[in-house]
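Asker: I'd like to ask you about the structure that follows.
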Amino acid sequence: KLKALLWDLDGTLAETEELHREAFNRAFAHFGLPLYWDQETYARLLWTTGGKERLKRALEETPGAPTLSWEEIGEVHRYKTDLYLQLLREEGIVLRPGVRRLLAEAREAGVALVLCTTTSPENAEAFLEGAGLRGWFSLVLAGDVVPRKKPDPSIYLLAQERLGLKPQEGVVVEDSRNGLLSAMGAGFPVLITPSLYALGQDYHEATALLPHLGEPGNPAAVLQGPRAG
Ligand code: XBP
Ligand code: MG
């Protein structure tokens, strides 16, 4: 019996990565760091999940960039988080097609909703609040709650432990290969709806692959951009 629906946030509930990218770039400018992430660069860097981990990698591979301590990276990242929260408030939240309906149906059917995200806990809470989903999720696991982020399975294993959930009692909804690998590694069946930044990634191990969760044949749903609506 299905007991829980486990959701990723970034790219799955909503197309949030453009706001993250914008916040990162503004933070780099503020701290005078010689970094600017255009969409192509960001698509590549997204293979490293977690903002602090992503920034560390970018600094390491950029010639002439300063070497920052983990604490300094944390400081830049905190500033980025504040900017992201501000942008989230300004831009508003648009859930991806069909997301709200599936959440409501699961809730109605007594299926627990769980959030398993790599992003920081304050971002996750602000997102749920802003989307009118406060109190809908029985468990929110975010950011540094696990030492190793996706594609490592830790976060989904932690969800199983916290909920006393067997892998066959849950379904994970993800948008990227990193998410797929993480959920699969914990033994969950995985439904993939690729996000704009994760189109064309390899999803052959997924239990199901859908362009979106909206009505079948709704092309608008597929074409919706990060800031659409
Ligand atoms: C999302 C991430 C996050 C966000 C930025 O991946 O990797 O790092 O890009 O958020 P997933 P932070 O959707 O697989 O969870 O800067 O707060 O990390
Ligand atoms: Mg994601």
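Asker: Among the listed residues 19, 6, 46, 13, which satisfies the condition of being in contact with a Cys (Cβ under 8 Å, 6 or more places away or on another chain) and within 14 Å of ligand 2 (Cβ to nearest atom)?
Answerer: The conditions single out 6.
Asker: When you go through 13, 9 one by one, which is the residue that is among the aliphatic types (A, V, I, L, M), within 8 Å of ligand 1 (Cβ to nearest atom), closer than 20 Å to residue 212 by Cα and surrounded by 17 or more Cβ atoms within 10 Å (Cβ to Cβ)?
Answerer: 9
Asker: Same structure, new question: Could you give me the residue pairs with C-beta distances under 8 Å whose first residue belongs to the range 185-205 and is farther than 16 Å from residue 12 by Cα, whose second residue is of a type in the set (Phe, Trp, Tyr) and crowded, with 20+ Cβ neighbours inside 10 Å wherever it lies, and which are 6+ apart or on separate chains?
Answerer: 185/156; 186/156; 188/156
Asker: Could you please give the count of residues in the range 49-68 that are away from ligand 2 (no atom under 16 Å from the Cβ), touching an Asp or Glu at 6+ places or on another chain (Cβ under 9 Å) and small (Gly, Ala, Ser)?
Answerer: Start the filter on the range 49-68 by keeping residues that are away from ligand 2 (no atom under 16 Å from the Cβ), which leaves 52, 55-68.
Among the residues that remain, those that are also touching an Asp or Glu at 6+ places or on another chain (Cβ under 9 Å) are: 52, 66-68.
Okay, now just the ones that are also small (Gly, Ala, Ser), so none.
Selection size over the range 49-68: 0.
Asker: Let me ask another. Which one of these does residue 176 not meet: (1) under 22 Å from residue 208 (Cα atoms); (2) more than 10 Å from ligand 1 (Cβ to nearest atom)?
Answerer: Going through (1) under 22 Å from residue 208 (Cα atoms); (2) more than 10 Å from ligand 1 (Cβ to nearest atom) one by one, residue 176 breaks only (2).
Asker: Moving to a separate point now. Hey, among 144, 152, 175, which residue is closer than 17 Å to residue 118 by Cα, under 15 Å from the mean Cα position of the chain (by Cα) and surrounded by 20 or more Cβ atoms within 10 Å (Cβ to Cβ)?
Answerer: 175
Asker: So if I check each of 185, 170, which one is modelled with pLDDT of 95 or more and more than 16 Å from ligand 2 (Cβ to nearest atom)?
Answerer: Only one candidate passes the filter, namely 170.
The values are calculated or read from the model by the stated rules, or taken from the named source; none is laboratory data. Model, not experiment: these values are computed from the prediction. So basically every Cβ, Gly included, is an ideal-geometry build from the backbone, and we count neighbours across all protein chains shown.
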